[in-house]
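Student: What follows is a single structure, and I will ask about it in a moment.
We did not get these values from a lab; they are worked out from the coordinates using the rules stated. Keep in mind that this is a model prediction, so the values were computed, not measured. Glycine also receives a Cβ, built like all others from the backbone with ideal geometry; neighbour counts cover every protein chain displayed.
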Amino acid sequence: MGMIVWARTLAQGIRKGVLQVQAIGRVYWTRAHTVWQSLPETAREQIRHWRGAGVAFPIEEQRALLAEYYERFERLAELICDAAFAGEGAPFQQEYAQVRRWLLRAYPHLKPYLTAHLNCDPSDAEFGKRTAGKATDAMEALFVAETLDEVIRYDQGDLIGRLERARSALYRYGDYLREVIAPSG
Amino acid sequence: MEPSERTDVYTLLRYTLELYIASAWQHMGFLPDPATGQTHLALEEARIAIDCADFLAGKLKPRLEPQEQREYERRLRDLKLNFLAKQNDTRMEAF
C-alpha cells in the first residue's frame with residue numbers, strides 16, 4: 001500500500017515538474033518571440049539601439065526614413081481612398097495589412113519628430129479609442145485598426161480631414177528637414 | 001494625299017481618360033460645365049466617371065512610365081478624396 005502511495009506521489013511529482021517546465025518554457029518562448037519581433041529591421045537601427053542613441057536621430061537618416069515613410073503613407077492613403085470609394089475594405093485588406101505592418105514598425109521612430117508638425121483634432125484620439133482602445137494622433141489613427149473595413153466602418157466623416165492632416169504634417173516635416181540641411185549643403 | 005497615321009488604342013485611352021477626369025470634376029461642382037458655363041453637383045454621375053477613369057487608367061498602366069503612372073495615381077486619388085469629402089458634406093447637410 002505504502003509502495004503504491006509512494007509511487008503515485010512520485011508520478012504526480014514528475015508530472016507536476018513536467019508541467020512546470022512546460023509553463024516556464026512557454027513563458028520564455030513568448031518572451032524570446034516578443035523580443036525577436038520587436039528587434040529593429042536594419043543593422044543600423046539595431047546598432048543605434050544597442051548604443052542607446054535612439055533619441056539622437058541623424059538628420060540624413062531622418063530624411064531617408066521620411067522619404068520611405070512617405071511612399072508607404074501614400075500607398076496607405078490610396079488603399080483607404082479606394083476602399084472608402086468602393087465602400088468595402090476586403091479587396092484591399094491584404095495589401096493594407098502589409099503596409100500597416102511596416103508603418104507600425106517605423107512610426108515610433110518618426111513620431112517624436114513628426115508630432116511637432118501634426119495638427120491635432122479630438123476625432124483622431126477618439127477614433128483610436130474606438131478601434132484599439134488607445135488614443136492616437138492623426139497619423140496613427142489611419143493604421144491603428146487591424147482591418148480596412150474597421151477604418152471605414154468607424155469613420156464618422158473625419159477620415160478625409162485626417163488624411164489631409166497627416167499628409168500636411170509629412171510635408172511640413174520634409175520642409176523643415178530641407179531647411180535644416182540646406183545651410184550646410 | 002498622304003495616308004494619316006493610325007490612332008492606336010492607347011492614345012485613345014489617354015484622351016478618354018482625360019475626358020472622364022474632367023467630367024468627374026465637373027459633376028462634383030469644382031469645374032463649370034463647358035456647355036452651360038454653370039457648376040452643378042451630381043455625385044452619382046461623378047462616381048461613374050471616376051470608376052471609368054480608374055478602369056481606363058488600369059488598362060493604360062502597363063504603357064506608362066513610372067513617373068507618369070504616379071501622376072495618374074495621384075490625380076485619381078485626388079478625385080476620390082474630393083468625391084468622398086463632397087459625399088460627406090452632402091450627408092451632413094441632409095442631417
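Student: Ranked from highest to lowest mean number of other Cβ atoms within 10 Å per residue, what is the order of the peptides A:72-78, A:172-178?
Tutor: Details: A:72-78: 19.3, A:172-178: 15.4.
Peptide ranking by packing, descending: A:72-78, A:172-178.
Student: Just need the relative contact order of chain A here, percent rounded to a whole number, with Cα pairs under 8 Å and 6+ apart. Each step should come with its number before you reach the end.
Tutor: On the way: 125 pairs, mean separation 36.5, N = 185.
Reported relative contact order: 20 percent.
Student: Something else: Using Cα pairs closer than 8 Å and at least 6 residues apart in sequence, work out the relative contact order for chain B, in percent.
Tutor: On the way: 72 pairs, mean separation 25.4, N = 95.
Relative contact order for chain B comes out at 27 percent.
Student: In chain B, if every C-alpha pair distance is counted and binned at 5 Å from zero, what percent goes to each bin?
Tutor: All Cα pairs, binned at 5 Å, distribute as 3, 13, 21, 20, 15, 12, 8, 5, 2, 1, 1, 0, 0 percent.
Student: So for the protein assembly as shown, considering every pair of alpha-carbon atoms, how many percent are separated by more than 29 Å? Don't skip to the answer; put the middle values down first.
Tutor: Values: 20293 of 39060 pairs.
In whole percent, the share of Cα-Cα pairs in the protein assembly as shown beyond 29 Å is 52.
Student: Taking R0 as 30 Å, what FRET efficiency do you get between B:Thr90 and A:Arg130 from their Cβ-Cβ distance, rounded to the nearest 0.05? Display every interim value, and only then the final one.
Tutor: Values: r = 24 Å, r/R0 = 0.80.
The value I calculate is 0.80.
Student: Counting helices only, and only those DSSP H runs with n ≥ 4, report the 222 nm mean residue ellipticity of chain B as the sum of -39,500 (n - 2.57) divided by its residues, in deg cm²/dmol to the nearest 500. Present the calculation step by step, with values, prior to reporting the outcome.
Tutor: Working: 3 runs with 66 residues, N = 95.
Result for chain B, helices only: -24000 deg cm²/dmol.
Student: Per residue of chain A, what 222 nm ellipticity follows from adding -39500 (n - 2.57) for every DSSP H run with n ≥ 4, rounded to the nearest 500? Could the numbers behind the result be given before it?
Tutor: Values: 8 runs with 144 residues, N = 185.
When only DSSP H runs of four or more count, the value is -26500 deg cm²/dmol.
Student: What is region A:62-149 by shape, rounded, prolate or oblate, if you read a ≥ b ≥ c off the alpha carbon gyration tensor as root eigenvalues and call it rounded for a/c under 1.5, prolate for a/b larger than b/c, and oblate otherwise?
Tutor: Since a/c reaches 1.5 but b/c is at least a/b, the shape of region A:62-149 is classed as oblate.
Student: Ranked highest first by the average count of other Cβ atoms within 10 Å around their residues, in what order do A:130-139, A:8-17 fall?
Tutor: Averaged packing, sorted descending, gives the order A:130-139, A:8-17.
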